[in-house]
Each structure stands twice: as structure tokens, then as C-alpha cells.
Amino acid sequence: MKNCLLSVDWDYFVYTKKERVSSFSESKKSLVDLWYKRYLEAKTYGLDIKDSYKLSPSWENFWEGIKEKFTFEKGIRVQVSDSHTLSYDICRICGCNAVILFDAHSDLGYGGLSSLDFELNCSNWLGKLLKENIVKSAHIIYSPHTQEKPEYFKSITNKFNVKFSKYDDFDKNFTISQIHICRSGAWTPPWLDGKFFEFVNLLGLEYEITDCPKRHWNPENLSFSDKINYFLA
């Protein structure tokens, strides 16, 4: 299969003991402010929020495995963003006919087929691509740490060509023409941003960054007014 988008969400590698952000919207508040709020709330209980989030070591050799499994088209384009909705735009503009998604979430739409009538967002972009017949098929490879199950999306998967696949299901018959790597900052903590860009650079290809603002994480130097503002976030 040719002209596929390989879409990789950084939260594929980031996991927490408790799923707590599934309903977050993408905004400056969720990218930075709410992370400080969680930090301060945990601190009141004598806890360090960093202890609640872990990074799977599989990020370090992920691209080596991808290059063994997939064929990269000559002149492949790589784009990096914070929001996963950019995958929708890439497919629409570049004419991709299939999506291969590595993610902790399916992004098919939460709430059944009706959720595909909502405006484009980070939780329904893949479902909208299928509904609008922009792509013909989608392969979702869940993170080992996902708390979702394929049966949650039966109303959508019964209607469209969606497969919940495993890494070993793929071979060189898939040709990747576009790669999108998204940070999903509402789901992934800012103190891991350095590792995120290490991950991007390990791909070894030139890339474009679209709307992926730098996040400053310096909780030790918060002023009293900062703490009040973040507690109210």
C-alpha cells in the first residue's frame, strides 16, 4: 500500500498509573497551567508528580524498528506539532489514502458515530478522515499502556475500514509518504519535552515544526502569585 501517513503520538511512550486527562481540550491552559496545578496539588500531599508519569524506554529504538517494517518514500516529509489534528490536514492536503497510527488513544471519536459530526479536534480527527472518505483505511497500534479497548469503538469500526493491529502485522508492503509526530502536550508532561525532541531527532530526517510551543517547567521558582493562579487554573 502506498501513500500512507505514519502518525506517532508521543503519549504512546508516556504512561501514568491513573488515566486522568481523557477529556482535556488542547489549549495553553492544558499545555502548561494544568501541569503546574497538578504539581502543586500533589505537593500538598507530599508527592512528586514526576513519580506518577513514566517514559517507556522503547522510544529510544522505535525508529529502528519502523525502518525495518516500512518502506519510506523518497523525499518523505516529516512534520512535528503539538496537536494531533495536524494529521487530518496532512491527509487532506497530501492525498494520503491510509493512516498507520501509534497512539495511546484511537482518536476515532468518543461518543459513537455522532462524535464525527463535532468540529475537528484531537479526539476525532481519524474518525473524520474515514467518514469524509479522505482515507480508505486506518491501522491503530495501541500503546502497551493504553486504557482503551477496541470494543469501545464498535459503532465506528463496523462502518469503516479500521484495524487494531500489532507491530508484527506489518511488512515492507506499506510505503510511508508522510510522517507526523505529535507531542500531545495535554497528555504528556512538560519535563519530558527534552526527550520528545531527542525522539524526533533520532528519526534522522529533516522535519518541519508547526505550532509546538516551547514549554518552560520550573516549579521550584514559582512565586506566591503564580501558585495562586495555577491553583485556580
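Values as computed for the structure displayed
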quantity: So Phe160, is it touching a Ser or Thr at 6+ places or on another chain (Cβ under 9 Å), modelled with pLDDT of 95 or more and part of a loop (DSSP other than H, G, I, E, B); calculated: yes
quantity: Of residues in the stretch 35-49 being over 10 Å from Tyr230 (Cα atoms), among the hydrophobic types (A, V, I, L, M, F, W, C) and in a helix (DSSP H, G or I), the one farthest from the chain's Cα centre (by Cα); calculated: Ala42
quantity: Residue check, Tyr142 surrounded by 16 or more Cβ atoms within 10 Å (Cβ to Cβ), touching a strand residue (DSSP E or B) at 6+ places or on another chain (Cβ under 7 Å) and of a type outside the set (Gly, Ala, Ser); calculated: yes
quantity: Exclusive hit being free of Cβ contacts under 8 Å to residues at least 40 places away in the same chain and crowded, with 21+ Cβ neighbours inside 10 Å, set Ser123, Ser87; calculated: Ser123
quantity: Residue within the stretch 45-55 that is out of contact with any helix residue (DSSP H, G or I) (no Cβ under 8 Å at 6 or more places or on another chain), polar (S, T, N, Q), over 24 Å from Ile90 (Cα atoms) and at pLDDT 90 or above present; calculated: no
quantity: Selected residue (criterion: farthest from the chain's Cα centre (by Cα)) from residues of the stretch 95-136 that are basic (Lys, Arg) and not in a loop (DSSP other than H, G, I, E, B); calculated: Lys131
quantity: Tabulated pairs, the stretch 105-116, first under 19 Å from Val8 (Cα atoms), second in a loop (DSSP other than H, G, I, E, B) and among the aromatic types (Phe, Trp, Tyr), C-beta under 9 angstrom, 6+ apart or interchain; calculated: His105/Trp187; Leu108/Phe160; Gly109/Phe118
quantity: Pick from the stretch 180-233, criterion part of a helix (DSSP H, G or I) and of a type in the set (Phe, Trp, Tyr), ranking: farthest from Lys54 (Cα to Cα); calculated: Phe224
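For (1) without any contact (Cβ under 8 Å) to a residue 12 or more places away in the chain; (2) in contact with a Pro (Cβ under 6 Å, 6 or more places away or on another chain); (3) over 26 Å from Asp117 (Cα atoms); (4) buried (at least 19 other Cβ atoms within 10 Å of the Cβ), each residue gets a yes or a no:
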{"site": "Lys154", "(1), (2), (3), (4)": "yes, no, no, no"}
{"site": "Phe160", "(1), (2), (3), (4)": "no, no, no, yes"}
{"site": "Asp171", "(1), (2), (3), (4)": "no, no, yes, no"}
{"site": "Ala186", "(1), (2), (3), (4)": "no, no, no, yes"}
{"site": "Pro189", "(1), (2), (3), (4)": "no, no, yes, yes"}
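Quick grid of which residues meet (1) assigned to a strand (DSSP E or B); (2) touching a residue at least 12 places away in the same chain (Cβ under 8 Å); (3) closer than 19 Å to Cys212 by Cβ; (4) of a type in the set (Phe, Trp, Tyr):
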{"residue": "Asp51", "(1), (2), (3), (4)": "no, no, no, no"}
{"residue": "Trp59", "(1), (2), (3), (4)": "no, yes, yes, yes"}
{"residue": "Lys74", "(1), (2), (3), (4)": "yes, no, no, no"}
{"residue": "Val80", "(1), (2), (3), (4)": "yes, yes, yes, no"}
{"residue": "Ile93", "(1), (2), (3), (4)": "no, no, yes, no"}
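The values are calculated or read from the model by the stated rules, or taken from the named source; none is laboratory data. What you see is a predicted model; the values in this text were computed from it and never measured. Note that each Cβ is placed from the backbone with ideal geometry, even for glycine, and that neighbours are counted across all protein chains shown.
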